[in-house]
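Notes follow once the structure below has been shown.
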Amino acid sequence: MKIASVRTILTAPAGIPLVVVKVETSEPGLYGLGCGTFTQRATAVRTAVDDYLAPLLAGRDPGRIEDTWHTCMHNAYWRNGPVLNNALSGVDMALWDIKGKRAGMPVYELLGGKCREAAAVYRHADGRDPEEVTDRARAFQEEGYTHIRCQLGGYGGIGRSPRRPDNALPGAYFDPDVYAQTVPAMFEHVRNALGFDVHLLHDVHERLQPIEAVRFAKALEPYRLFFLEDLLAPEDIEWFRHIRAHAAVPIAMGELFNNPVEWKPLIANQLIDFIRVHISQIGGISPARKLAALCEAFGVRTAWHGPGDVAPVGHAANLHLDLACQNFGIQEFAGFNDALREVFPGCPEVRNGYLYPNANPGLGIDIDEALAARYPVEPKAIEWTQTRLPDGTPVRP
Ligand code: MG
């Protein structure tokens, strides 16, 4: 058997550009699907796959996943960027999908079999004030969810409008001082209303200066968070030892990581509690299963990134790893709308706060290409990442 073709399918059934890679084999009807979604630069991934990986891989053995991964990672010589890692992930997941279909087994069986029947997921409760956050969290509790991420006004907090200088440039303004003061007050409100029988999480989205992040973690200690996410930017990871020294708050990190040198010191020095990478951003299932094993040795659990800018194929890959890895912690889950479920038959299903796969071989998910074409991807300038401080300074989003 040989790889016959490799190509991308771009689609946006929920309004978010998704990149899916389809690897077809010389055996009629046998193909695999993978997620290579870098939503902000979707067509760049398409070019990397269609123009470079497709000719490289044509005629190779689809069963040699590990060999193929290393060949693709190093073929461009320059490596470990988000475009190329996502392109590689699409191929990698598709090859695992093909291997599962050939074996007649779901991918979690190939990874060692189930450690659990389903993956506990968390949902995202966002509100304009603490009352609204509490109401949304309570609604998720009523649907059966036990883990809820509470955000006040999205990722920037909420409060007075920043006082801008004359002629300040347009952008997504936020005030880190207001954020750092209002979020602990929000958790005070939510805990008073809901008690301590629910797991609460929070995402800082790396919006604080490092020393403010230390103070923020200490301020949240009384609210017993399940985890505090992306408290620091990847550029500031040396500061995690200060966080550890000052606050007993579980730390989740890694959404933006794409190179093993970023996570190795945090895991080996036990400075984080959850690894939270975006699996397509690190290159697929092959590097993720090794990362999970590294984490297991150091007492770190998994919490793979699972927002709307992961294709259902990628959510399935997250879930197969969740079921097979002993050190699974929690799975982020954004839900699927009807259009996503129609374009991607076989989507995992959530019941009572747990995400379940189907029993199909491989990743268990397909794509209706004719339907996918009805939701075209149109590249445009991204607004929300044009983040600015009150004085107009451009900063990381
Ligand atoms: Mg995040």
Top-ranked residue of the stretch 296-319 - restricted to ones that are over 30 Å from ALA372 (Cα atoms) and buried (at least 22 other Cβ atoms within 10 Å of the Cβ), ranked as nearest to the ligand (Cβ to nearest atom): THR302
Selected residue (only one of ARG41, ARG7, ARG46 is among the basic types (Lys, Arg) and under 18 Å from the mean Cα position of the chain (by Cα)): ARG41
The listed residue being without any contact (Cβ under 8 Å) to a residue 24 or more places away in the chain, on the phi > 0 side of the Ramachandran plot and surrounded by fewer than 19 Cβ atoms within 10 Å (Cβ to Cβ), out of GLY59, GLY29: GLY29
Yes/no for ASP67 being among the charged types (D, E, K, R), part of a loop (DSSP other than H, G, I, E, B) and within 18 Å of MET1 (Cβ to Cβ): no
Criterion violated by ARG241 - all others in (1) within 14 Å of the ligand (Cβ to nearest atom); (2) assigned to a helix (DSSP H, G or I) satisfied: (1)
Where a residue in the stretch 145-173 is of a type in the set (D, E, K, R) and its partner, wherever it lies, is assigned to a loop (DSSP other than H, G, I, E, B) and at pLDDT below 95, with Cβ under 8 Å and at least six apart: ARG160/ASP175; ARG163/PRO390; ARG164/PRO390; ARG164/ASP391; ARG164/GLY392
Conditions (1) touching a residue at least 40 places away in the same chain (Cβ under 8 Å); (2) part of a loop (DSSP other than H, G, I, E, B); (3) in the same structural domain as PHE274 (by TED's automatic domain parsing); (4) within 16 Å of the ligand (Cβ to nearest atom); number of the one not met by TRP384: (3)
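In the stretch 199-210, what count of residues is obtained for those that are away from the ligand (no atom under 16 Å from the Cβ), open to solvent by less than 40 Å² (accessible area, probe 1.4 Å) and part of a strand (DSSP E or B)?
So the answer is 0.
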Matching residues in the stretch 351-370 - criterion: being farther than 20 Å from ALA339 by Cα and either at pLDDT 95 or above or not in a loop (DSSP other than H, G, I, E, B) (or both): ASN352, GLY353, TYR354, ASN360, PRO361, GLY362
Any hit, the stretch 295-312, residues being modelled with pLDDT under 95, in the same structural domain as ARG123 (by TED's automatic domain parsing) and touching a Gly at 6+ places or on another chain (Cβ under 8 Å): no
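Those residues that are charged (D, E, K, R) and in contact with a strand residue (DSSP E or B) (Cβ under 9 Å, 6 or more places away or on another chain), I need them from the stretch 80-113; list them, please.
If the condition is that a residue be charged (D, E, K, R) and in contact with a strand residue (DSSP E or B) (Cβ under 9 Å, 6 or more places away or on another chain), then ASP92, ASP97, LYS99, LYS101, ARG102 are the ones that fit.
Residue check: is PRO222 open to solvent by 60 Å² or more (accessible area, probe 1.4 Å), in the same structural domain as TYR354 (by TED's automatic domain parsing), part of a helix (DSSP H, G or I) and more than 15 Å from the ligand (Cβ to nearest atom)? Show your work before the answer.
Values: open to solvent by 60 Å² or more (accessible area, probe 1.4 Å): yes; in the same structural domain as TYR354 (by TED's automatic domain parsing): yes; part of a helix (DSSP H, G or I): yes; more than 15 Å from the ligand (Cβ to nearest atom): yes.
Spelling it out, PRO222 is indeed open to solvent by 60 Å² or more (accessible area, probe 1.4 Å), in the same structural domain as TYR354 (by TED's automatic domain parsing), part of a helix (DSSP H, G or I) and more than 15 Å from the ligand (Cβ to nearest atom).
Residues ALA213, ALA217, ALA233, ALA252: which one is more than 15 Å from the ligand (Cβ to nearest atom) and either in contact with a His (Cβ under 8 Å, 6 or more places away or on another chain) or of a type in the set (A, V, I, L, M, F, W, C) (or both)? Steps first, answer last, please.
Numbers: ALA213 fails: more than 15 Å from the ligand (Cβ to nearest atom); ALA233 fails: more than 15 Å from the ligand (Cβ to nearest atom); ALA252 fails: more than 15 Å from the ligand (Cβ to nearest atom).
Among ALA213, ALA217, ALA233, ALA252, only ALA217 is more than 15 Å from the ligand (Cβ to nearest atom) and either in contact with a His (Cβ under 8 Å, 6 or more places away or on another chain) or of a type in the set (A, V, I, L, M, F, W, C) (or both).
Looking at ASN80, ASN86, ASN75, which is the one that is modelled with pLDDT under 95 and not assigned by TED's automatic domain parsing to the domain that holds ASP338?
Exactly one of ASN80, ASN86, ASN75 is modelled with pLDDT under 95 and not assigned by TED's automatic domain parsing to the domain that holds ASP338, namely ASN80.
The values are calculated or read from the model by the stated rules, or taken from the named source; none is laboratory data. Values in this document were obtained by computation on a predicted structure and should not be read as measured data. No Cβ is skipped: glycine too gets one built from the backbone with ideal geometry, and neighbour counts run over all protein chains shown. What goes into the accessible areas is simple: the full protein's heavy atoms, side chains included, and nothing from ligands, DNA or RNA. Shrake-Rupley method; radii C 1.70, N 1.55, O 1.52, S 1.80 Å.
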